[in-house]
Amino acid sequence: MAKTVLVINSGSSSIKYQLVDLESGEGLASGLVEKIGEPVDGHYKHEYNGEKHELEEPIHDHEQGLKRVLGFFDEFGPKIDEAGIVAVGHRVVQGGSIFPDPALVTDKTINQVKDLAVLAPLHNGPEAKGAEVMRALLPDVPQVFVFDSSFFFQLPKAASTYALNKEIADQYHIRRYGAHGTSHEFISSVVPDVIGKPAEGLKQIVLHVGNGASASAEISGKPVETSMGLTPLEGLMMGGRTGDIDPAVVFHLIRNAHMNVDELDTLFNKRSGMMGMTGYGDLREVHRLVAEGNEDAKLALEVYVHRIVGYIGNYTAQMGGVDVITFTAGVGENDDIVRKMVCDKLSAFGVKLDEEKNATRSKEPRIISAPDSAVTVCVIPTNEELAIARKSAAIADAGEDTYGNKVA
């Protein structure tokens with residue numbers, strides 16, 4: 001029987017899931033639960049063996065949603081008790097300073113994840129709830145928290161520390177935690193095989209650019225910088241987030257627009273970025289507007305690229321050079337226009353694209369730079385689910401996590 005891990009990503013009103021085959025790395029089944037707790041009908045989608053099954057009904061809470069998901073497995077396949085599930089892995093955005101490694105789901109760790117919701121209010125609460133529910137539904141299967149922030153827990157102090165009053169920073173646990181760490185760790189670990197060079201000494205920049213976007217720098221596979229900070233708001237321009245912005249804009253809007261904390265949170269996290277500048281968070285729509293001559297869209301795209309190039313320059317200087325730049329996530333993997341715009345701005349540093357390879361759509365890891373490029377440029381599809389599955393299975397196999405929690 002194949003060994004598998006069920007990976008769960010619980011959001012405030014949604015659940016994404018995938019059953020991962022540990023040997024092949026492939027997703028055997030996957031699905032989505034949407035509009036949990038909303039006054040309209042929710043939506044389920046379950047895909048297995050090339051078939052898609054959908055259902056619409058009111059979804060009151062995560063418990064109802066996850067019970068229905070397990071029902072889909074038993075009805076449409078593969079059956080839960082025949083799927084070889086060795087663990088359930090739960091993605092968690094924020095592990096703070098408490099969780100540098102994955103952790104078994106226990107009463108204590110559930111409460112700790114909930115407490116860390118002050119650092120990720122949109123994510124940690126629902127993620128803890130999803131784990132709580134699955135623990136009750138599958139009590140004999142080890143449940144594991146895998147934290148997006150863990151990879152960047154290794155950042156040098158100079159990169160993780162804000163120039164904020166030390167007493168305040170210490171009291172309220174304010175530092176740069178980063179996000180998308182599972183993706184950045186996965187990509188930086190497979191790059192050496194893709195380019196045929198050893199990991200030791202390799203200087204990498206990984207660009208995880210999608211609706212959420214972040215950049216990171218790694219030397220020998222260890223992170224030395226990342227663009228997201230205390231929260232995912234810091235860094236690159238994103239679909240709905242501002243990215244880097246003068247903090248005094250907050251004071252200005254409080255004093256002059258009389259906006260409150262919740263209004264500012266929504267403005268900065270959901271109504272800014274591409275959405276705020278163009279009315280669309282989807283880059284495909286932005287490209288359409290640019291082709292139609294829309295000046296707002298043109299400017300937004302230029303700002304987007306400008307920010308990415310700025311981080312590449314920063315990280316190259318911090319590392320004393322760069323050997324490989326990798327694009328991943330929705331935009332990074334699929335948007336050849338953005339990749340070309342970024343790389344064209346790096347031409348003075350010897351970066352050269354192979355135009356044909358860049359324009360070719362593929363789901364395979366690949367090099368898109370020209371043979372004589374001074375820096376290797378790659379496109380590598382991210383696979384956070386596989387990374388979470390492997391980490392979860394390792395703890396299940398070991399029988400305990402690094403914090404002394406043991407598999408029951």
Practice problem: With only Lys, Arg, Asp and Glu charged, each at its Cβ (+1 for the first two, -1 for the last two), find how big the charge dipole of the stretch 1-139 is about the Cα centre; round to the nearest 20 debye. | Solution: 400 debye
Quiz item: Just SER347, SER150, SER183 to compare: in a GNM of the chain, with alpha carbon springs under 10 Å, which one fluctuates most?
Solution: SER347
Quiz item: In the stretch 1-109, carbon and sulfur make up what percent of the accessible area (probe 1.4 Å)?
Solution: 43 percent
Exercise. Please give the helix 295-319 orientation as an angle from the longest Cα principal axis of the chain, in degrees from 0 to 90, rounded to the nearest 10.
Key: 90 degrees
Quiz item: Using a Gaussian network for the chain with springs between C-alpha atoms less than 10 Å apart, which of these wobbles most: GLY321, GLY196, GLY276?
Solution: GLY196
Self-check item: Average accessible area per residue (Å²) across the stretch 269-408 - probe 1.4 Å, nucleic acids and ligands excluded
Solution: 50 Å²
Quiz item: By how many degrees, between 0 and 90 and to the nearest 10, does the Cα long axis of helix 62-76 differ from the longest principal axis of the chain?
Solution: 80 degrees
Self-check item: Equivalent-ellipsoid semi-axes of the stretch 29-69, from the Cα gyration tensor, Å, largest first
Solution: 19, 10, 6
Quiz item: Using the alpha carbon gyration tensor of the stretch 189-254, what are the three equivalent-ellipsoid semi-axes (square root of 5 times each eigenvalue), largest first, in whole Å?
Solution: 32, 12, 7
Exercise. Take every DSSP beta bridge with both residues inside the chain and express the antiparallel ones as a percent of the total, to the nearest 5.
Key: 70 percent
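In Å³ and rounded to a whole number, note down the convex hull volume per residue for the Cα atoms of the stretch 128-189.
Given the Cα convex hull of the stretch 128-189, per-residue volume reads 122 Å³.
With N set to the residue count of the chain, report its C-alpha Rg divided by 2.2 N^0.38 Å to two decimal places.
Details: Rg = 21.4 Å, N = 408, 2.2 N^0.38 = 21.6 Å.
My calculation over the Cα atoms of the chain gives 0.99.
Could you give the C-alpha radius of gyration of the stretch 115-229 expressed as a fraction of 2.2 N^0.38 Å, taking N as the number of residues it contains?
Values: Rg = 16.7 Å, N = 115, 2.2 N^0.38 = 13.4 Å.
That ratio works out to 1.25.
Pairs LYS114/LYS157; LYS16/LYS129; LYS157/LYS222; LYS3/LYS79; LYS298/LYS352: which exceed 22 Å Cα-Cα? Provide the component values of the computation, followed by the final result.
Working: LYS114/LYS157 26 Å; LYS16/LYS129 14 Å; LYS157/LYS222 14 Å; LYS3/LYS79 14 Å; LYS298/LYS352 24 Å.
Check vs 22 Å cut-off fails for LYS114/LYS157; LYS298/LYS352.
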Quiz item: Given the C-alpha centroids of the stretch 64-119 and the stretch 172-232, what is the distance between them in whole angstrom?
Solution: 24 Å
Quiz prompt | Accessible area expressed per residue, the stretch 24-180, with surrounding protein chains retained (probe 1.4 Å, Å²) | solution = 48 Å²
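FRET efficiency for SER12 and HIS306, Cβ-Cβ distance as r, R0 = 25 Å, nearest 0.05?
Details: r = 32 Å, r/R0 = 1.26.
About 0.20, to the nearest 0.05.
Local charge sum around PRO371 (other residues, Cβ-Cβ under 11 Å, Lys/Arg +1, Asp/Glu -1)? If you can, show how the numbers build up before the last one.
Values: positive: LYS352, LYS357; negative: ASP354, ASP372.
Summing Lys and Arg as +1 and Asp and Glu as -1 gives 0.
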Quiz prompt | Between helix 336-345 and the chain: long-axis angle, C-alpha atoms, 0 to 90°, nearest 10 | solution = 40 degrees
Practice problem: Report, in debye and to the nearest 20, how large the dipole of the chain comes out about its Cα centre when Lys and Arg carry +1 and Asp and Glu carry -1 on their Cβ. | Solution: 920 debye
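Could you check how much of the accessible area of the stretch 246-378 is carbon and sulfur, as a whole percent, using a 1.4 Å probe?
Numbers: 3920 of 7350 Å².
The computed percentage sits at 53.
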Quiz item: Ignoring the sites themselves, what is the longest stretch of the chain with no GluC sites (Glu not before Pro) in a DSSP loop and at most 15 other beta-carbon atoms within 10 Å?
Solution: 27-199
Exercise. Give me the orientation-averaged projected area of the Cα convex hull of the stretch 333-398, in nm², one decimal.
Key: 5.8 nm²
Quiz item: Pick from LYS129, LYS391, LYS345: which residue has the top mean-square fluctuation in a GNM of the chain where Cα pairs under 10 Å get a spring?
Solution: LYS345
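The values are calculated or read from the model by the stated rules, or taken from the named source; none is laboratory data. On a predicted model such as this, the values are computed, not experimentally measured, just so you know. Note: ideal-geometry Cβ built from the backbone for every residue, glycine included; neighbour counts use all protein chains shown. Keep in mind that these areas ignore ligands, DNA and RNA; they rest on the heavy atoms of the full protein, side chains included. Shrake-Rupley method; radii C 1.70, N 1.55, O 1.52, S 1.80 Å.
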